[in-house]
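Data block below; observations after.
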Amino acid sequence: MPEHEAEARQGSPAREVGVFLRRRREQIAQRWADEPLFRAVFTVSRDEAVEAGRTVADALAEVATAERVVDPEAAGFTLVREQLARMAASRARAGLGTAQVSREVDALRPPVVDLLVADLADAPAGRLRECESALTVLLGTLRLVVLETALSEGEALIDRQRLQLLEVATPVIKLWDGIVAVPLIGTLDSARSQVVMETLLEAVVDQQARYAILDITGVPTVDSLVAQHLMKTVAAARLMGAECVVSGIRPAIAQTIVHLGLDLGTVVTRASLADALAHALHRLGADIVHASSGGAGSR
């Protein structure tokens, strides 16, 4: 028996598990590569799954050697959190919940325990039980780390999807050369108002727009916070060299604004998007001619 293994036998069960994990790293990685947690994530080649298994086995060996098998913050786990995050995110995208991910992590235990039992066949029964218990606790901590990482990745995914939905729900439309519009539909909150401002200002720069129309026809209510965001957006557009026109202020919203005592006197407003477009076109020197007028008269 090598000297370091003999020392491990005389030390704690956790340290002996650490030595075992390093000694059987390759066999463990090969067995894990066939488990769903690895196989379903690393689909390009089996070698990629095996390499990921080696990385996780090394991390577990470091945690066990440090005798921190119950500590999810152990340094060894830090080294594989990125790897675990990739695996957890992949399973989440596949529609698996935390319960299924937990079961997939649990499935990693039997192959390792089988190797441990075979590896310590000549050890006293009591020592084997202690080492098996330490390994079980270690893999239980790994499960906790994976689940924490999965939840964190899930929250990050939800945040990204929420931002994407906000961006999709805030389209900027080029109505004419130098005129862009943002038709708003639904409730405005601080996060969405910020997206509106950023999206509109980017469009002003990209389109070199001189007029930007904020149409709030589809906004059900306006409170003081929303009104303040609208004012900030108007002011920011002016700083970018564009005049901002707010359209679609319905009677109920107008009454709310008056009731709140908000001063929109410096903001150009129009009853509808069509009126706002006509205003912007007129300021640009263009006229809208009604076809029914036979070419005569302009708006």
Matching residues, segment 227-252, being farther than 15 Å from ALA276 by Cβ and touching a strand residue (DSSP E or B) at 6+ places or on another chain (Cβ under 9 Å): ALA235, ALA236, ARG238, MET240
Count of segment 28-71 residues which are crowded, with 19+ Cβ neighbours inside 10 Å and closer than 13 Å to LEU139 by Cβ: 11
Residue count, segment 240-258 (criterion: touching a helix residue (DSSP H, G or I) at 6+ places or on another chain (Cβ under 9 Å) and on the phi < 0 side of the Ramachandran plot): 10
Selection within segment 88-101 - surrounded by 16 or more Cβ atoms within 10 Å (Cβ to Cβ) and modelled with pLDDT of 80 or more: VAL101
Count - residues of segment 200-210 that are in contact with a helix residue (DSSP H, G or I) (Cβ under 7 Å, 6 or more places away or on another chain) and either over 10 Å from MET240 (Cα atoms) or outside the structural domain of ASP223 (by TED's automatic domain parsing) (or both): 1
Helices (runs of 4 or more DSSP H) fully within segment 185-299 counting 3 or more residues that are modelled with pLDDT under 90 and surrounded by 15 or more Cβ atoms within 10 Å (Cβ to Cβ): 190-207, 224-239, 251-260
Segment 94-134: number of residues that are under 26 Å from SER152 (Cβ atoms) and part of a helix (DSSP H, G or I): 11
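Restricted to segment 1-51, and to residues that are outside any loop (DSSP other than H, G, I, E, B) and aromatic (Phe, Trp, Tyr), which residue is modelled with the lowest pLDDT?
Result: PHE38.
The values are calculated or read from the model by the stated rules, or taken from the named source; none is laboratory data. Since we're looking at a predicted model, the values are computed, not measured. Using ideal geometry, Cβ is built from the backbone for each residue, glycine included, and neighbour counts are taken over all protein chains shown.
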